[in-house]
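First the structure, in the form of structure tokens, and then the observations on it.
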Amino acid sequence: MKNIYFTVGPSQIYPTIKDHTFRALKKDIFSLNHRSKQFEELYQSIDTRLKELLSIPSDYSIFLLSSGTEAMERVIQNTVEGKSFHIVTGTFGDRFYKTSQELGKSAQAHVYDPLTLFKAKDITIPSDAELIALTHNDTSTGMQIPAKEIYEIQAKNPHALIALDAVSSMPYMDIMYDKVDCVFFSVQKGFGMPAGLGILIVSPRAMKKAKQLQEKGVSIGSYHSFLSLEKSTSKFQTPDTPNVFGIYLLANVLQDFLGKGIDVIRKETEIKAKMLYDFFESSDIFTPLIQDTAHQSKTTIVAQVKGGSTKLTKMLEKKGYRIGSGYGERKDQDIRIANFPAHRIEDIKGLIRCIEELVA
């Protein structure tokens with residue numbers, strides 16, 4: 001029986017990954033020297049394709065890291081001398097907040113209950129906050145912050161840099177990059193790849209801040225400081241030995257996405273999300289955890305299950321459908337369903353039919 005993975009990360013691999021892997025073996029990509037011309041061309045293709053796919057400004061830097069979690073640490077180190085401000089809408093926003101604390105910064109958090117309506121106007125951000133950190137789509141709760149709310153926060157706080165965790169919302173997320181300074185994600189979710197590669201997108205303003213901190217004698221890290229990464233990236237290299245295979249796969253998946261078109265990917269994501277939310281809304285057993293439609297994630301759909309979720313997830317697993325349980329304290333109460341480009345509309349229909357049969 002072939003499994004379909006609706007787990008929220010790692011998740012279902014993109015259909016072309018197998019072919020790209022075979023080609024990587026034939027081309028000896030696994031042994032490729034990361035100082036070679038061939039590697040530089042790979043990195044450059046990622047830079048070019050990612051900027052084209054997501055409409056990233058040409059003067060923004062794209063750094064290759066190990067994960068989205070690493071990116072949190074790099075962002076704090078390179079943009080914050082004293083205070084960061086964190087808008088926490090779930091567990092992953094809280095992780096960003098605690099990362100800042102662990103790095104010795106004065107971190108302040110505005111914590112949202114996932115069942116509370118998010119409004120930028122309700123948040124008071126101190127004037128001495130150097131960085132405002134948000135999680136666009138918190139995987140733990142399925143709460144998504146609308147872009148207009150992010151723009152409002154940026155407009156009211158022009159003194160601060162804006163950092164956006166987009167780990168579970170890329171490539172669906174459509175954002176105006178000139179209104180944010182650091183955006184990061186990892187590839188095992190929306191890009192349908194094996195884990196082990198993170199992408200950090202950095203504005204010229206954030207690069208300037210890193211340089212200012214270094215000049216003041218503030219530690220901004222070593223090999224993976226913004227300045228070290230930028231020095232290598234200018235030659236389409238990395239400071240240390242990277243995940244070359246992951247980089248090869250990403251270059252090819254980006255080409256696949258460009259061939260399909262970002263508008264098509266986003267539209268299909270919305271169609272699939274609506275199918276799931278409509279099903280849960282019409283059911284007596286399921287209730288979307290996030291009630292306000294403007295804040296419901298399109299990529300990680302979270303629903304409460306009457307009577308608990310454990311039995312259902314186990315039954316679905318026997319049918320070949322791997323879904324996620326609730327996160328943390330809600331482990332046995334919720335289900336979490338990934339909705340990434342690797343998931344076909346037919347897969348969503350099949351999952352819904354199977355759930356209907358199991359709960360009938």
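The values are calculated or read from the model by the stated rules, or taken from the named source; none is laboratory data. Every value quoted in this text rests on a predicted model; they were computed, and no experiment measured them. Using ideal geometry, Cβ is built from the backbone for each residue, glycine included, and neighbour counts are taken over all protein chains shown.
Evaluate the following for residue 197: is it in the same structural domain as residue 130 (by TED's automatic domain parsing), surrounded by fewer than 20 Cβ atoms within 10 Å (Cβ to Cβ) and aliphatic (A, V, I, L, M)? No. Please verify whether the stretch 85-94 includes one or more residues that are touching a residue at least 12 places away in the same chain (Cβ under 8 Å), over 30 Å from residue 336 (Cα atoms), of a type in the set (Asp, Glu) and not assigned by TED's automatic domain parsing to the domain that holds residue 297. Scanning the stretch 85-94 turns up no residue that is touching a residue at least 12 places away in the same chain (Cβ under 8 Å), over 30 Å from residue 336 (Cα atoms), of a type in the set (Asp, Glu) and not assigned by TED's automatic domain parsing to the domain that holds residue 297. Filtering 191, 185 for residues that are modelled with pLDDT of 95 or more, surrounded by 16 or more Cβ atoms within 10 Å (Cβ to Cβ) and either part of a strand (DSSP E or B) or of a type in the set (Gly, Ala, Ser) (or both) leaves a single hit, 185. Residues of the stretch 121-152 that are among the aliphatic types (A, V, I, L, M) and crowded, with 21+ Cβ neighbours inside 10 Å: 129, 131, 132, 133, 134, 143, 145, 150. Scanning the stretch 1-32 for residues that are surrounded by 12 or more Cβ atoms within 10 Å (Cβ to Cβ) and of a type in the set (Ser, Thr, Tyr) turns up 5, 7, 11, 14, 16, 21.
Within the stretch 87-108, the residues that satisfy the criterion of being farther than 20 Å from residue 291 by Cα, among the small types (Gly, Ala, Ser) and either in contact with a His (Cβ under 9 Å, 6 or more places away or on another chain) or part of a strand (DSSP E or B) (or both) are 100, 106, 107. If you go through the stretch 109-137 and keep only what is within 25 Å of residue 290 (Cβ to Cβ) and outside any loop (DSSP other than H, G, I, E, B), you end up with 109, 110, 111, 120, 121, 122, 132, 133, 134, 135, 137. Residue 187 falls short on exactly one of the conditions (1) touching a residue at least 60 places away in the same chain (Cβ under 8 Å); (2) farther than 19 Å from residue 165 by Cβ, and that condition is (2). Restricting attention to the stretch 273-289, which residues are more than 19 Å from the chain's Cα centre (by Cα) and either under 18 Å from residue 167 (Cβ atoms) or in a loop (DSSP other than H, G, I, E, B) (or both)? Within the stretch 273-289, 282, 283, 284, 285, 289 qualify. For beta carbons closer than 6 Å, sequence separation of 6+ or different chains, a first residue in the stretch 278-307 that is among the charged types (D, E, K, R) and a second that is at pLDDT below 95 and not in a helix (DSSP H, G or I), the qualifying pairs are 292/117. Examine the stretch 140-162 for a residue that is without any contact (Cβ under 8 Å) to a residue 40 or more places away in the chain, under 23 Å from residue 7 (Cβ atoms) and in the same structural domain as residue 43 (by TED's automatic domain parsing), and state whether such a residue exists. Scanning the stretch 140-162, I find no residue that is without any contact (Cβ under 8 Å) to a residue 40 or more places away in the chain, under 23 Å from residue 7 (Cβ atoms) and in the same structural domain as residue 43 (by TED's automatic domain parsing), so the answer is no.
Given the condition out of contact with any Cys (no Cβ under 8 Å at 6 or more places or on another chain) and under 25 Å from residue 53 (Cα atoms), answer yes or no: does some residue in the stretch 301-323 qualify? Scanning the stretch 301-323 turns up at least one residue that is out of contact with any Cys (no Cβ under 8 Å at 6 or more places or on another chain) and under 25 Å from residue 53 (Cα atoms). Scanning the stretch 109-119 for residues being loosely packed, with under 15 Cβ neighbours inside 10 Å and touching a His at 6+ places or on another chain (Cβ under 9 Å) gives a total of 2.
Of the residues making up the stretch 33-78, those that are loosely packed, with under 14 Cβ neighbours inside 10 Å and in a loop (DSSP other than H, G, I, E, B) are 33, 35, 36, 55, 57, 58, 59. Filtering the stretch 247-268 to residues that are buried (at least 16 other Cβ atoms within 10 Å of the Cβ) and either touching a strand residue (DSSP E or B) at 6+ places or on another chain (Cβ under 9 Å) or not in a helix (DSSP H, G or I) (or both) leaves 247, 250.
Looking only at residues of the stretch 87-108 that are farther than 15 Å from residue 165 by Cα and of a type in the set (A, V, I, L, M), we find that the one that is surrounded by the most Cβ atoms within 10 Å (Cβ to Cβ) is 107. The number of residues in the stretch 208-238 that are surrounded by fewer than 20 Cβ atoms within 10 Å (Cβ to Cβ) and aliphatic (A, V, I, L, M) comes to 2. Listed conditions (1) outside any loop (DSSP other than H, G, I, E, B); (2) within 28 Å of residue 148 (Cβ to Cβ); (3) modelled with pLDDT of 95 or more are all met by residue 294, apart from (3).
A single member of 348, 285 is within 28 Å of residue 250 (Cα to Cα) and either surrounded by 20 or more Cβ atoms within 10 Å (Cβ to Cβ) or β-branched (Val, Ile, Thr) (or both), and it is 348.
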